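Values quoted throughout were computed directly from the atomic coordinates according to the rules given, and no laboratory measurement underlies them. Keep in mind that this is a model prediction, so the values were computed, not measured. Reconstructed Cβ throughout: ideal geometry from the backbone, glycine too, with neighbour counts over all protein chains shown.
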Amino acid sequence: MSRLSDNTRYETAQSKAETLMEALPWIQRYAGSVMVFKYGGNAMINDDLRRAFAEDMVFLSHMGIKPVVVHGGGPQISAMLSTLNIPSEFRDGLRVTSREAMGVIRMVLTGQVGRELVGLINAHGPYAVGMSGEDAGLLQARRIRTGSDGQPLDLGLVGTVEKVNTAAVEQLIEIGKIPVIASIAPELADDPSASDGSGDLTGEVLNVNADTAAAEVAVALGAEKFVALTDVEGLYANWPDKSSLISSLTTTELREMLPSLESGMIPKMQAALRAVDNGVPRASIVDGRSAHSSLLEIFTDTGIGTEVTPDGDTP
């Protein structure tokens with residue numbers, strides 16, 4: 001073997017060692033903590049990225065971190081609705097959901113997207129357990145009736161999460177499992193007298209935004225970090241100027257920016273804001289188009305994407 005080859009091997013090994021040493025203080029800091037990940041975008045539909053995300057969750061578990069995954073499934077839902085010739089439209093950035101469409105959404109989220117991710121994680125061992133917001137009363141939601149402009153809005157079976165019961169998730173975490181949660185939820189009645197007899201639930205199931213559902217789960221679990229995967233590098237001060245990527249900002253700075261953001265970024269940044277405003281120390285938006293972006297965000301000094309921190313805090 002040539003001297004050049006030996007040098008190259010040494011340099012490669014040295015680089016790996018340096019990376020591991022850079023990760024050490026972060027492993028020490030986060031060991032034993034809960035982290036909530038919103039899984040979506042390209043990371044959900046690209047086979048290589050799906051496998052990389054599953055590997056990330058297993059790696060975190062072995063590092064003593066307790067990952068919880070919340071997922072939607074927009075592309076897969078759209079594809080199935082199209083196949084079944086069920087109309088699908090968006091209002092105010094949200095999918096109008098009829099009872100017929102809701103049946104498809106439940107099927108896709110719990111029977112396809114969630115099962116695929118559980119399978120990918122469990123290819124490495126018996127780690128993941130799939131569930132939805134319906135299971136064990138995990139999530140409860142109230143129907144959206146007003147648009148972002150304050151005017152009445154009828155989206156059908158679409159809601160926002162108002163209650164989180166973490167008992168079942170905490171039990172899974174306690175025995176070393178990785179909960180994988182689909183973002184659907186039983187509906188809370190506006191008028192409790194109109195319930196189905198099980199408390200103040202109507203008997204309907206609502207389609208809920210996965211970003212906001214993940215943020216509510218992070219708050220309820222007292223998570224150390226909330227990470228949302230998306231299809232851009234992070235938040236830009238002047239989109240589409242790529243040089244204006246923001247590496248970190250405070251909740252006050254984000255609140256001031258929200259009205260000017262692109263519509264697709266608003267739910268993610270609102271979710272990050274909601275999480276940090278309610279006690280989660282860090283919320284990050286990372287590029288799910290890059291393999292292992294979750295690990296790079298957590299275990300490197302500079303991180304990637306955009307991190308939201310409380311006012312007065314130093315990232």
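Return P(r) of the stretch 43-108 (all Cα-Cα pairs; 5 Å bins starting at 0; whole %; ordered from short to long distances).
Going out from 0 Å in 5 Å bins, the stretch 43-108 shows 3, 14, 20, 17, 14, 12, 10, 6, 3, 0 percent.
Between GLN171 and ARG51, what is the FRET efficiency for a Förster distance of 25 Å, r being their Cβ-Cβ separation, to the nearest 0.05?
0.35
What does the extension gain come out to for ASP191 and ASP311, with contour length at 0.36 nm per residue minus their alpha carbon separation?
39.4 nm is the gain from fully extending ASP191 to ASP311.
Loop only per DSSP, at most 16 neighbouring Cβ atoms within 10 Å: give me the GluC sites (Glu not before Pro) in the stretch 257-315, ordered by residue number.
When the GluC sites (Glu not before Pro) of the stretch 257-315 are filtered for loop state and at most 16 Cβ neighbours within 10 Å, GLU262 remain.
What number of lysine-lysine pairs in the chain show an alpha-carbon separation below 21 angstrom, given a sequence spacing of 8 or more or placement on distinct chains?
Lysine pairs meeting both conditions in the chain amount to 12.
Determine the calculated [θ] at 222 nm for the chain from helices alone, applying -39500 (n - 2.57) to every DSSP H run no shorter than 4 residues and normalising by the residue count; nearest 500 deg cm²/dmol.
Result for the chain: -12000 deg cm²/dmol, rounded to the nearest 500.
Distance between the C-alpha centers of the stretch 240-263 and the stretch 58-88? Whole Å please.
Cα centroid to Cα centroid, the span is 26 Å.
Using DSSP to define loop residues, name the GluC sites (Glu not before Pro) in the stretch 163-245 whose beta-carbon has at most 16 other beta-carbon atoms within 10 Å.
Counting only loop positions with at most 16 other Cβ atoms within 10 Å, none of the GluC sites (Glu not before Pro) in the stretch 163-245 qualifies.
Sketch the reach of a paramagnetic label on ASP231 as a point 7 Å from Cα along Cα-to-Cβ, and name the residues of the stretch 77-112 whose backbone nitrogen lies under 17 Å away.
77-82, 89-91, 93-95
Just to compare against my own numbers: the Cα pair-distance distribution for the stretch 219-281, 10 Å bins, whole % per bin, please.
20, 56, 22, 2
To the nearest 0.05, how large is the calculated FRET efficiency for LYS242 and ALA123 if R₀ is 45 Å and r is the Cβ-Cβ distance?
Efficiency for this residue pair is about 0.80.
Compute the Rg/Rh shape ratio of the chain: radius of gyration over Kirkwood radius, all on alpha-carbon atoms.
Taking Rh as the inverse mean 1/r over Cα pairs, Rg/Rh reads 1.00.
Tell me the angle of helix 266-277 to the major Cα principal axis of the chain, expressed in degrees between 0 and 90 and rounded to the nearest ten.
Taking the Cα atoms of the chain, the angle to 266-277 is about 80 degrees.
Among DSSP beta bridges lying fully in the chain, give the percent that are antiparallel, nearest 5.
35 percent
Determine, for MET63, MET107, MET21, the number of other Cβ atoms within 10 Å of each Cβ, and report the residues in order from fewest to most.
MET21, MET107, MET63
Provide, as a two-decimal number, the C-alpha radius of gyration of the stretch 103-157 over 2.2 N^0.38 Å, N being how many residues it has.
Relative to the 2.2 N^0.38 Å estimate, the stretch 103-157 comes out at 1.59.
What number comes out for the charge environment of PRO240, summing +1 per Lys or Arg and -1 per Asp or Glu over other residues with Cβ under 12 Å away?
Local net charge: -2.
Given springs between every Cα pair under 10 Å in a Gaussian network model of the chain, which of ALA101, ALA79, ALA215 has the largest fluctuation?
With Cα springs under 10 Å in the chain, the top fluctuation among ALA101, ALA79, ALA215 is at ALA79.
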